[in-house]
Amino acid sequence: MITTIVSIIVLSTIGIASAMPTVVDTNSTAEAFNVLAFWATTGDEAHTSFYNEANRWFPQQASAHGFTYRSTSNWDELTAENLKKYQVLLFLDDVPYSDSQHRVLQHYLESGAGGLIAFHASMYNDADPGYTFQWFYNTLFGAGRYVSNTWWPTKAKLHVDSPNHPAMKGLPQKFDACVNEWYRWQHDLRQNKDIEILASIDPSSFPLGTDPSQTWHSGYYPVIWANKHHRAIYMNVGHNLMDYGKHQTKSSTFASEEQNKFLFQAMHWAAGRAVL
């Protein structure tokens, strides 16, 4: 009888343990999570500058922050079989266009197999003439159509809207974002129950822009937000300041310590790891 009771207790304990989420110490020697970044071979020279910089910067940071990094411009690698090897996807200013790739991404996120961080022009859906990826633009990230942007690219101060989200842990209420071309979209994300806005343009940033016809003087503009049901974050950075005549990059997307802290924490969250 005693043996039976002990067995029941042991089995119950095992069952409770298996039901609990795994917590990974991201500062330990735990197995690294794997990141796959997709980028485009064409587009604005400022976007090219960003993903070339990203493909240098992420590998330099990978070991210290507990991940491996691989990048490709071949969207044919977005297959269910290939994604089994990766816990986080990065979309560096681009988005998949084929129906099969859309289905693979949707299943990857909805099944909880992994997470996604999408940058800047991945939501610039003027580049998608048929506006085909409705689930991505409207359901996953909820913003709808791209509407307009600031010009020229400038720095901005961001206000943390959701300090309790793991990706925002330890960040000050306001922090400096790097130089960027700032976007606005069709829908007011504050009205979307499936979206959590993590950071927005702080009013101290206005006026934002240097071209009088493309400068923001007031308003509410989300910059970073997450889907509440999937491990997916959109981050509207990824457009460096360029001297187009000389083809020279004049800024860095990774020059802000606070912005980088957010990014590493967002990657761990997207991978299903604890942010410590």
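The values are calculated or read from the model by the stated rules, or taken from the named source; none is laboratory data. Every value quoted in this text rests on a predicted model; they were computed, and no experiment measured them. Ideal geometry is used to build each Cβ from the backbone, glycine not excepted, and the neighbour counts take in all protein chains shown.
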**Asked** Would you pick out the residues in the stretch 124-174 that are aliphatic (A, V, I, L, M) and within 23 Å of residue 258 (Cα to Cα)?
**Response** 156, 158, 160, 167, 168, 171
**Asked** Tell me, which residue of the stretch 28-87 that is part of a helix (DSSP H, G or I) and in contact with a Gly (Cβ under 9 Å, 6 or more places away or on another chain) is nearest to residue 152 (Cα to Cα)?
**Response** 46
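Does residue 246 count as within 24 Å of the chain's Cα centre (by Cα), surrounded by fewer than 14 Cβ atoms within 10 Å (Cβ to Cβ) and basic (Lys, Arg)?
Values: within 24 Å of the chain's Cα centre (by Cα): no; surrounded by fewer than 14 Cβ atoms within 10 Å (Cβ to Cβ): yes; basic (Lys, Arg): yes.
When the stated conditions are applied, residue 246 does not pass them.
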**Item:** When residues of the stretch 69-98 are limited to those that are among the aromatic types (Phe, Trp, Tyr) and more than 25 Å from residue 265 (Cβ to Cβ), the one modelled with the lowest pLDDT
**Value:** 97
**Message:** Please determine whether any residue of the stretch 111-127 is under 27 Å from residue 254 (Cβ atoms), over 18 Å from the mean Cα position of the chain (by Cα) and either loosely packed, with under 15 Cβ neighbours inside 10 Å or not β-branched (Val, Ile, Thr) (or both).
**Reply:** yes
**Request:** With the checklist (1) over 20 Å from the mean Cα position of the chain (by Cα); (2) of a type in the set (A, V, I, L, M, F, W, C); (3) buried (at least 22 other Cβ atoms within 10 Å of the Cβ) in hand, flag the one item residue 241 doesn't pass.
**Result:** (3)
**Prompt:** So which residues in the stretch 91-109 are touching a residue at least 60 places away in the same chain (Cβ under 8 Å) and closer than 19 Å to residue 34 by Cα, if there are any at all?
**Reply:** 92, 109
